[in-house]
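What follows is a single structure, written as structure tokens, with notes after it.
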There are 6 protein chains.
Amino acid sequence: MATVKPPADPEADPRVKAVFDDIRETRGSDFVNNVWRYLAFDPALLEEVWRDVKAVLAIPSLIDPKTKEMIYAAVSIANACDYCTHSHLASARAKGMTAAEQAELLRIVATAAKTNHILNAIRPPIDAAFLAED
Amino acid sequence: MATVKPPADPEADPRVKAVFDDIRETRGSDFVNNVWRYLAFDPALLEEVWRDVKAVLAIPSLIDPKTKEMIYAAVSIANACDYCTHSHLASARAKGMTAAEQAELLRIVATAAKTNHILNAIRPPIDAAFLAED
Amino acid sequence: MATVKPPADPEADPRVKAVFDDIRETRGSDFVNNVWRYLAFDPALLEEVWRDVKAVLAIPSLIDPKTKEMIYAAVSIANACDYCTHSHLASARAKGMTAAEQAELLRIVATAAKTNHILNAIRPPIDAAFLAED
Amino acid sequence: MATVKPPADPEADPRVKAVFDDIRETRGSDFVNNVWRYLAFDPALLEEVWRDVKAVLAIPSLIDPKTKEMIYAAVSIANACDYCTHSHLASARAKGMTAAEQAELLRIVATAAKTNHILNAIRPPIDAAFLAED
Amino acid sequence: MATVKPPADPEADPRVKAVFDDIRETRGSDFVNNVWRYLAFDPALLEEVWRDVKAVLAIPSLIDPKTKEMIYAAVSIANACDYCTHSHLASARAKGMTAAEQAELLRIVATAAKTNHILNAIRPPIDAAFLAED
Amino acid sequence: MATVKPPADPEADPRVKAVFDDIRETRGSDFVNNVWRYLAFDPALLEEVWRDVKAVLAIPSLIDPKTKEMIYAAVSIANACDYCTHSHLASARAKGMTAAEQAELLRIVATAAKTNHILNAIRPPIDAAFLAED
């Protein structure tokens with residue numbers, strides 16, 4: 001029940017094929033999941049989204065890959081994105097997140113939501129000690 | 001500009017004093033920030049929120065304390081909670097998050113928001129490979 | 001720090017004056033709060049918003065006035081609307097909500113947010129028993 | 001299409017059985033809905049969520065049970081939680097909410113959303129009269 | 001999997017029939033989509049929602065019809081409303097939005113979400129130049 | 001009250017200076033607003049965000065510049081981003097949006113929010129006619 005129609009043969013377009021090849025090589029897997037197949041309706045948008053996601057998730061950085069997927073999933077849950085929640089929790093599991101860690105992630109996300117709502121209701125002044133500026 | 005009035009002398013109430021004492025002891029600091037001072041308008045609510053936050057953030061668990069604060073901040077950003085964003089980014093910094101790590105956290109949160117919105121727009125079917133169930 | 005400029009003398013416009021008069025009469029008070037003064041930048045929008053709010057909050061209906069303001073405030077908290085949260089919690093207090101009831105409202109809102117996030121993460125199938133349709 | 005796998009025989013775990021027994025006894029019904037069956041993947045999380053929900057919804061308090069479910073549903077709608085919206089509207093109906101009251105609830109939630117967005121756009125200053133503090 | 005039960009024969013109610021007739025006439029089409037069939041569970045709510053939507057989308061105004069549907073869809077995506085996203089993107093397509101324009105719309109919505117999250121995290125002071133007031 | 005500390009002399013860093021120069025040249029103005037001054041705490045993040053925003057807003061495309069800013073503002077309102085709402089409404093005004101058009105934008109955003117919440121509550125099935133796929 002999508003709002004765009006994925007191309008029947010996406011890799012017939014060389015720009016799409018180049019992105020799909022890079023996805024397969026970067027991940028070391030032949031599996032190209034639906035988000036990329038549907039984004040192929042517009043090759044420029046596909047290129048842009050893959051470039052963004054690759055920069056954040058597929059390139060070594062200060063935060064380890066499993067944690068990056070967990071943070072990504074946490075934001076996806078808060079934004080009520082069904083596909084993103086499924087895909088990034090699955091990626092986190094593929095990178096080693098255990099069921100116990102997934103439960104702890106849910107506990108953090110849920111407790112944050114609880115206090116977010118309480119403080120959006122109470123609206124206390126922000127303590128000077130929390131400001132980054134002098 | 002809060003919606004509740006904090007007690008002038010919150011620790012005159014022994015239930016409030018017990019929570020504040022536990023906050024100070026748990027954190028090893030005399031600083032009790034505004035959220036607790038305002039929540040003291042209802043001692044039962046104060047006790048409940050502190051119990052929840054302590055269970056998630058102050059007790060050793062599978063996820064290290066700095067990462068827990070970063071996940072907590074990520075959700076707070078997505079939920080547009082001003083106070084929570086300030087307080088949990090400050091806590092993450094107090095637990096060792098560097099400016100470079102904070103920048104990477106923002107990059108993950110922002111890229112997640114970008115793809116969350118694209119996928120909430122496209123609504124592709126969820127790949128069978130992402131489901132936890134058989 | 002608003003994004004529209006309120007008219008210096010809003011009631012010079014007869015359409016604005018008519019709305020302000022109705023606000024004062026409906027509420028039995030001379031106080032016209034800022035939302036109406038700023039909405040006066042566009043009399044048609046002012047008329048529409050007042051008509052909507054009056055229909056929901058100022059006309060006797062199945063749900064009592066205090067409860068209506070509490071539900072209104074709950075949604076405003078979830079939508080992170082600062083002005084709305086302040087104004088509808090204040091209205092609920094003006095209609096009899098006690099501090100203890102406000103604390104209970106926050107507890108419901110916060111617990112709902114907690115389970116909302118957990119279930120947006122888990123995405124269990126909806127039980128057949130919950131469907132309104134046969 | 002869930003992100004966790006519910007145990008095939010959840011009540012084989014005595015912690016899960018204890019929670020399910022309490023759910024059945026508290027509600028006076030043998031029906032244990034899916035959220036609890038899926039949360040059983042982590043007994044500690046199951047215990048915590050049930051404790052929270054029971055404290056808010058199943059224990060007599062200042063706000064009557066039907067109204068509590070309606071407030072809970074209102075927040076769930078604003079947070080776009082599909083499962084929560086279905087389950088809490090169903091619970092409100094089970095506690096006496098009529099179709100006319102459900103229509104009025106939707107009207108309040110929808111009008112709140114409308115003014116929430118307008119005021120998040122206009123950002124007028126908060127009237128001094130709305131502040132809880134002196 | 002709806003939370004209200006649509007009437008089996010909605011147009012048996014003259015108030016519902018009047019709205020459906022106006023929908024068909026306004027749109028020049030016999031197709032009455034599901035939102036109206038389900039809203040018919042409460043004729044007063046149906047009348048109100050149709051009046052609102054007609055005023056915004058079906059009446060000539062300063063913003064052209066295709067652009068109005070695109071703005072409506074953008075908000076629906078941000079609010080994670082599945083039905084609304086489908087229906088308003090479909091309406092925009094029916095009013096001439098091309099696949100390339102839909103891709104550009106997604107790019108704007110997604111980039112806005114990205115910077116929204118970054119700025120909800122950083123919380124810089126608002127430049128005086130942006131204020132509408134003197 | 002920001003969560004990052006802007007550099008005292010941001011353009012001392014050549015990467016920051018290059019972005020600021022491009023902002024000034026692209027916009028034909030010497031004004032560099034706060035978001036860029038604060039993002040300068042991390043030159044790589046500054047470069048990335050400017051590249052994204054420039055690609056969407058500063059480069060001629062299918063949608064005219066004023067409309068792009070209005071769509072951007074609509075999403076920012078829905079995401080409750082205070083800074084973004086101010087800055088993109090100001091940009092839209094600078095590109096020709098009149099007060100009457102701003103009022104119409106608010107009416108579209110607000111009505112969308114109203115129906116978004118109603119349909120997230122009712123959850124009717126999506127009409128087959130709305131699907132992009134065959």
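Please treat every number below as a calculation from the coordinates, not as lab data. From a predicted model like this one, the values you see are computed outputs, not experimental measurements. Virtual Cβ from ideal backbone geometry, glycine too; neighbours counted across all protein chains shown.
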When chain C is treated as a Gaussian network with springs between alpha carbons less than 10 Å apart, the largest mean-square fluctuation among C:79, C:33, C:120 is found at C:120
If one compares the long axis through the Cα atoms of helix F:82-94 with the longest principal axis of the Cα atoms of chain F, the angle in degrees, nearest 10, works out at 90 degrees
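By count of other Cβ within 10 Å, fewest leading, how are E:107, C:27, E:15 ordered?
Values: E:107 23, C:27 16, E:15 13.
Lowest count first: E:15, C:27, E:107.
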Here region C:29-38 yields Karplus 3J(HN,Hα) values (6.51, -1.76, 1.60; θ = phi - 60°; whole Hz; Gly and Pro given as x) of 8, 7, 7, 10, 7, 4, 3, 6, 5, 7
Highest GNM mean-square fluctuation among A:122, A:71, A:23, for chain A with Cα springs under 10 Å, belongs to A:122
The size of the Cβ-based charge dipole (Lys, Arg +1; Asp, Glu -1) of region C:59-124 about the Cα centre, to the nearest 20 debye, is 140 debye
Which of E:68/F:114; D:114/F:95; A:114/C:68 exceed 20 Å between C-alpha atoms? The answer is D:114/F:95; A:114/C:68
Placing one equal point scatterer on each C-alpha of region C:86-134 and summing with Debye, one gets log10 I(q)/I(0) at q = 0.16, 0.23, 0.24, 0.30 Å⁻¹ equal to -0.67, -0.83, -0.86, -1.08
Among F:97, F:40, F:71, the residue whose Cα sits farthest towards the positive end of the charge dipole of region F:25-134 (+1 at Cβ of Lys and Arg, -1 at Cβ of Asp and Glu, taken about the Cα centre) is F:97
Each residue of D:2-10 has, on average, a number of other protein chain C-beta atoms within 10 Å of its C-beta equal to 6
Convex hull around the C-alpha positions of the protein assembly as shown: the volume in Å³ per residue is 164 Å³
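Arrange E:9, C:127, E:82 by Cβ neighbour counts within 10 Å, fewest through most, would you? Intermediate values should be presented prior to the final figure.
Details: E:9 8, C:127 17, E:82 23.
Fewest-to-most ranking of E:9, C:127, E:82: E:9, C:127, E:82.
Within 10 Å of each Cβ in peptide C:84-92, how many partner chain Cβ atoms are there on average? Round it to a whole number, please. Mind showing how you got there, number by number?
Values: counts 8, 9, 11, 8, 5, 7, 7, 1, 0.
For peptide C:84-92, the averaged partner shielding equals 6.
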Rounded to the nearest 10 degrees, the helix A:99-122 long axis (Cα) sits at an angle to the longest Cα principal axis of chain A of 60 degrees
Taking R0 as 51 Å and r as the Cβ-Cβ distance between residue C:99 and residue F:100, the FRET efficiency 1/(1 + (r/R0)^6), rounded to the nearest 0.05, comes to 0.70
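Where a ≥ b ≥ c are the square roots of the eigenvalues of the C-alpha gyration tensor, would you call region E:31-77 rounded, which needs a/c under 1.5, or, failing that, prolate if a/b is larger than b/c, or oblate? Please report the intermediate quantities before stating the final value.
On the way: a/c = 2.44, a/b = 1.77, b/c = 1.38.
It comes out prolate by the Cα gyration axes.
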Magnitude of the Cβ-charge dipole (Lys and Arg +1, Asp and Glu -1) of region A:11-59 about the Cα centre, nearest 20 debye, reported as 120 debye
Charge tally for neighbours of residue B:69 with beta carbon under 10 Å away, counting Lys, Arg as +1 and Asp, Glu as -1, is +3
Over the Cα atoms of chain F the radius of gyration and the largest Cα-Cα distance (Dmax), both in Å, equal 18.6, 58
Looks like region E:11-59, by Cα gyration tensor root eigenvalues a ≥ b ≥ c and the a/c under 1.5 rounded cutoff (else prolate when a/b is bigger than b/c, oblate otherwise), is oblate
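Assigning unit charges at the beta carbon (Lys, Arg +1; Asp, Glu -1) and nothing else, what dipole magnitude in debye, to the nearest 20, does chain C show about its Cα centre? List each step's numbers first, then the result.
Numbers: 15 positive and 19 negative charges, 85 e Å.
Computed about the Cα centre, the dipole is about 400 debye.
Using Cβ contacts closer than 10 Å as the measure, can you line up C:91, A:87 from fewest to most?
Working: C:91 21, A:87 26.
Fewest-to-most ranking of C:91, A:87: C:91, A:87.
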With the 8 Å Cα cutoff and a minimum separation of six or more residues, region F:63-122 has a relative contact order in percent of 36 percent
